[in-house]
Amino acid sequence: MLSIKVPPLGESIVEATVSRWLKKEGDVVAAGDTLVDLETDKITVEVPALKPGVLTKRSKAEGEIVHVDDVLGELDETAVGAAVGAAQTAAPAAKAQAPAPAAAAPPAPSRSAPPPPAAESGTTKSSPAARRVAEERGIDIAAVAGTGRGGVVSKPDVLAAPTGGDRAPVAARGSTSAPSSPMRSGNGAAPGERETREKMSTRRKRIAENLLQSQHATAHLTTFNEVDMSAINALRDKYKEKVEKEQGVKLTFMPFFVRAACQALKQFPTVNSLIDGDSVVYRHYVNMGIAVASEQGLVVPNVKDADRKGTIELSREISEVAKRARDGKLTMDDLTGGTFTITNGGVFGSLVSTPIINYPQVGILGLHKTQDRPVAINGQVVIRPMMYVALSYDHRIVEGQQAVQFLVRVKELVEDPAAMLIE
């Protein structure tokens, strides 16, 4: 009997929640099949079967808290041959017992049992995670084009597939289990319900703890400014098609802010520092954290050595790390080592906000919605695309003057992007 244990979860992660079992007791599994998903405060960990066998026991239920090396279940590696043989013997027997069709009737497939899901029939190769997401979203996985090796359908392929329309009936067509709860409306409540209660996930609880720790452990202060986005907009309009065609990346304004922040951090290194006891650790590199809103909650993956990279390279890496965050494919390396963070509430329509520092960092830059506003330039009132920007900082180590000057420097560089090329 082989014990299925909680694997190492990563730096500083001591516990996880059993998110979902993908296999039932008695299921035959192949080596590499995902048995259970564990949710940590940072990433989702898939626990695979190390050897083929039969899942004989699930020791932990969904929602339980587990720690590294805890036993999740048991796998009988000696029973797999017998289980597979029994399945192969049962198939011809069932076929022999099936009634023969009438002589005049046209040949038709037997309806004595529902067809197995396409993902398990052998006609479509797919990963366990892809099958799970397809089932949740009501997507016919057989209709999803696989981009993995050998045409395997992966989780990102399913997430990119459209839902609804003629795909919606898939759950009713392929599912053999009844729903465990009544149909709920978009706000999570069934018709007639006045209140609902849902247990917080491990990730949500840890996010809440980190935010409170940041507020309690730092002298939190925010300073504001506004940026004229005319120059960046003109630059993007001129080159975005060329960049996308030749480089295969979309030219957003985020890499320009990343470059501006990196250069401003070199001038004001305290904003990129770290308080360690009674010492200040100055980092002479920038691992730029990019806050990404995903279905699992807010995560902050970082682009390593962002200060050494150009605009196109930053565009590509920001796009890749954001996609991994939304697809739940982040690694611990993506989530550790950040020195400064940028968060963009403007994508959701936020006009102004006070971002919370990503502790133990000492500064975070908040971007907001670009909005046409009247401004006075050279004695004339003109309409310009303006964005409010905010810098929240730890006043224990960052002086107000440094914070204001840092934000002014970011403003100057974004309003004159050519200046970033000569520094």
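The values are calculated or read from the model by the stated rules, or taken from the named source; none is laboratory data. Since the model is a prediction, treat every value here as computed from it, not as a measurement. Reconstructed Cβ throughout: ideal geometry from the backbone, glycine too, with neighbour counts over all protein chains shown. We work out accessible area using only protein heavy atoms, side chains counted, and drop any ligands, DNA or RNA first. Shrake-Rupley method; radii C 1.70, N 1.55, O 1.52, S 1.80 Å.
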Hits in region 288-315 (condition: more than 21 Å from Val158 (Cβ to Cβ), of a type outside the set (Lys, Arg) and not in a strand (DSSP E or B)):
Ala291, Val300, Pro301, Asp305, Ala306, Asp307, Gly310, Thr311, Ile312, Glu313, Leu314, Ser315
So, in region 231-256, how many residues would count as being open to solvent by 20 Å² or more (accessible area, probe 1.4 Å) and not charged (D, E, K, R)?
10
If I go through region 321-335 residue by residue, how many of them are free of Cβ contacts under 8 Å to residues at least 40 places away in the same chain and either closer than 23 Å to Gln263 by Cβ or of a type in the set (Gly, Ala, Ser) (or both)?
3
Checking Tyr285, Tyr239 in turn, the sole residue that is part of a helix (DSSP H, G or I) and of a type in the set (Phe, Trp, Tyr) turns out to be Tyr239
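Here is a yes/no grid of residues against (1) of a type outside the set (Asp, Glu); (2) more than 21 Å from Asp416 (Cα to Cα):
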{"site": "Arg203", "(1), (2)": "yes, yes"}
{"site": "Glu209", "(1), (2)": "no, yes"}
{"site": "Gln213", "(1), (2)": "yes, yes"}
{"site": "Ala217", "(1), (2)": "yes, yes"}
{"site": "Phe224", "(1), (2)": "yes, no"}
{"site": "Val227", "(1), (2)": "yes, no"}
{"site": "Asn233", "(1), (2)": "yes, no"}
{"site": "Arg236", "(1), (2)": "yes, no"}
{"site": "Val243", "(1), (2)": "yes, no"}
Considering each residue of region 358-383, count those that are polar (S, T, N, Q), modelled with pLDDT of 95 or more and in contact with a Ser or Thr (Cβ under 8 Å, 6 or more places away or on another chain), and give that number.
1
From the set of residues in region 14-61 that are under 21 Å from the mean Cα position of the chain (by Cα) and not in a strand (DSSP E or B), which is surrounded by the most Cβ atoms within 10 Å (Cβ to Cβ)?
Lys42
Given (1) at pLDDT below 95; (2) within 21 Å of Cys262 (Cα to Cα); (3) of a type in the set (Lys, Arg), number of the condition Lys304 does not satisfy
(1)
Among residues of region 1-13 being among the aliphatic types (A, V, I, L, M) and assigned to a strand (DSSP E or B), the residue farthest from Leu330 (Cα to Cα) is Leu2
Go through region 258-282 and give me each residue that's assigned to a helix (DSSP H, G or I) and farther than 20 Å from Ala390 by Cβ.
Lys266, Pro269
Taking region 349-393 and keeping residues open to solvent by 20 Å² or more (accessible area, probe 1.4 Å), touching a strand residue (DSSP E or B) at 6+ places or on another chain (Cβ under 9 Å) and not in a strand (DSSP E or B) leaves Ser350, Leu351, Val352, Ser353, Thr354, Ile356, Asn358, Tyr359, Pro360, Lys369
Could you grab me the full set of residues in region 257-292 that are surrounded by fewer than 19 Cβ atoms within 10 Å (Cβ to Cβ), among the β-branched types (Val, Ile, Thr) and touching a helix residue (DSSP H, G or I) at 6+ places or on another chain (Cβ under 8 Å)?
Thr270, Val280
Looking only at region 394-421, how many residues end up being within 33 Å of the chain's Cα centre (by Cα), surrounded by 17 or more Cβ atoms within 10 Å (Cβ to Cβ) and at pLDDT 95 or above?
11
Subset of region 197-218 (residues that are farther than 11 Å from Ile356 by Cβ and open to solvent by less than 80 Å² (accessible area, probe 1.4 Å)):
Ser201, Thr202, Arg203, Lys205, Arg206, Ala208, Ala217
Single residue of region 316-348 satisfying the filter (among the polar types (S, T, N, Q) and in a loop (DSSP other than H, G, I, E, B)) that is farthest from Ala219 (Cα to Cα)
Thr331
Residue by residue through region 133-160, note down the ones that are at pLDDT below 75, among the aliphatic types (A, V, I, L, M) and assigned to a loop (DSSP other than H, G, I, E, B).
Val152
When restricted to Ile383, Ile357, Ile397, Ile377, the only residue among the β-branched types (Val, Ile, Thr) and within 30 Å of Leu38 (Cβ to Cβ) is Ile357
